[in-house]
Amino acid sequence: VAFIGTHADKASVMQKHKLLEVYHKLKKRFSSHFNFLFERPFEVDARKSWSELTVLLRTALNEVHQMLVDSDTSPQQPAICQDIQRHLPEMQARVGCPLVSKKEFVDYMRPRIGLSQELVEYVNPAKFHSLVMKAVRFLSGYAALFAFDEPQADGYIVIDPVWLLSDIVGRLMSEPPLPEPFIPYDCETGFAERDVVVKALTTKHAPGEVSFQMTKSLGFCLEHRGLVLNTSKLLKKRLPRHWRSKKAKMVHGGNRLQCAGVVAVAHAFFSHLQVHFYHRYLEDYDAELPMWYGGIQLVAGAISPAEALIEADPGNMWIDIIVRGPEDTDNACANLLNNLTQETL
């Protein structure tokens with residue numbers, strides 16, 4: 001765990017002192033659950049990606065990253081991974097583009113890393129291609145580069161992760177007063193027109209459709225009915241007026257999933273739960289599914305005559321699953337509650 005205070009440019013001396021105090025309290029309370037990697041929290045200016053404070057954070061995280069790669073507990077590293085990593089900076093300089101096709105990548109690496117492999121692996125093109133792709137998948141897990149399986153992005157490898165995570169993802173997430181282009185997300189729903197998003201993600205290095213598919217693959221956005229949802233907008237949406245009204249002759253039921261011990265994780269994975277429900281119920285069933293920070297509402301109709309509300313505890317210790325329906329929907333309520341509970345677990 002690394003503890004980071006953002007917007008240091010706006011923080012007062014008192015707030016920075018408070019950050020250190022909070023960090024020591026957290027470290028004392030959760031030291032038996034988490035490995036706190038650093039002695040003190042980091043302070044960064046979130047609007048300046050290359051400020052001195054942010055560079056300190058990058059350097060510290062890179063050191064930890066290298067330690068994990070070199071450790072005995074890391075997954076078995078394919079033999080050619082180190083060779084590929086050694087030639088990546090040179091490839092970035094020569095190609096002059098952060099995005100290359102898989103064929104270009106393999107062809108570039110063949111004469112440079114083949115000598116370190118068995119002769120049969122180097123001479124046999126299919127065998128060599130398989131070895132390189134295995135190494136690419138491994139290196140993707142450490143964000144040394146990125147490869148995608150999305151239909152429009154398949155066949156591409158990002159050899160410069162900084163370009164993808166700063167330029168492309170930065171465009172997807174940017175808001176005033178950051179530089180344009182802005183994507184005009186609806187302030188209530190968090191959605192924007194797909195064509196607008198694709199146009200905003202178009203760069204000299206990559207078509208907008210490819211950039212969009214890459215950000216979608218990484219989970220930064222979701223697509224539905226020609227609209228794109230920026231998943232970070234779920235953190236900002238206001239709590240809607242949900243269905244906790246007093247209606248006569250309604251069947252109610254629910255489960256509370258309590259976090260074990262003192263570790264508060266309800267909100268930690270709730271966004272992943274929202275993405276799962278999005279794919280499960282919006283894409284598969286076209287259900288009405290309002291979502292907001294810490295909440296999901298499944299509207300009656302497409303799935304069941306019953307309706308459901310799933311909320312994370314503001315104190316971060318549990319998740320509530322509540323269902324209700326008309327008097328004659330006992331079985332439907334029970335089935336919906338059971339299904340939602342199993343999916344959440």
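Of the residues making up segment 223-238, just one is charged (D, E, K, R) and modelled with pLDDT of 75 or more, namely GLU223.
Do we find that LEU201 is at negative phi, modelled with pLDDT of 65 or more and hydrophobic (A, V, I, L, M, F, W, C) in this structure? Break it down stepwise before answering.
Values: at negative phi: yes; modelled with pLDDT of 65 or more: yes; hydrophobic (A, V, I, L, M, F, W, C): yes.
It is true that LEU201 is at negative phi, modelled with pLDDT of 65 or more and hydrophobic (A, V, I, L, M, F, W, C).
Does GLY141 satisfy the criteria of being at pLDDT 75 or above and open to solvent by less than 50 Å² (accessible area, probe 1.4 Å)? Considered against the rule, which asks whether it is at pLDDT 75 or above and open to solvent by less than 50 Å² (accessible area, probe 1.4 Å), GLY141 comes out as no. When segment 64-114 is limited to residues that are modelled with pLDDT of 80 or more, within 26 Å of the chain's Cα centre (by Cα) and polar (S, T, N, Q), the one that is surrounded by the most Cβ atoms within 10 Å (Cβ to Cβ) turns out to be GLN92.
To keep it simple, each residue is scored yes or no on (1) open to solvent by 60 Å² or more (accessible area, probe 1.4 Å); (2) under 18 Å from VAL228 (Cα atoms); (3) at pLDDT 75 or above.
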site	(1), (2), (3)
ARG256	yes, no, yes
CYS259	no, no, no
VAL262	yes, no, no
ALA266	no, no, no
PHE269	yes, no, no
TYR293	yes, yes, no
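In segment 192-215, the residues that are under 13 Å from GLY226 (Cα atoms) and open to solvent by less than 20 Å² (accessible area, probe 1.4 Å) form Cβ pairs under 9 Å with partners that are of a type in the set (S, T, N, Q) and assigned to a helix (DSSP H, G or I), at six or more places apart or across chains, as follows: VAL197/THR215. All conditions but one from (1) assigned to a helix (DSSP H, G or I); (2) exposed (fewer than 11 other Cβ atoms within 10 Å of the Cβ); (3) modelled with pLDDT of 80 or more; (4) not basic (Lys, Arg) apply to ALA126; the one that does not is (3).
The values are calculated or read from the model by the stated rules, or taken from the named source; none is laboratory data. The model shown is predicted, which means the values in this text are computed figures rather than measured ones. Cβ sites come from the backbone with ideal geometry, for glycine too, and all protein chains shown count toward neighbours. What goes into the accessible areas is simple: the full protein's heavy atoms, side chains included, and nothing from ligands, DNA or RNA. Shrake-Rupley method; radii C 1.70, N 1.55, O 1.52, S 1.80 Å.
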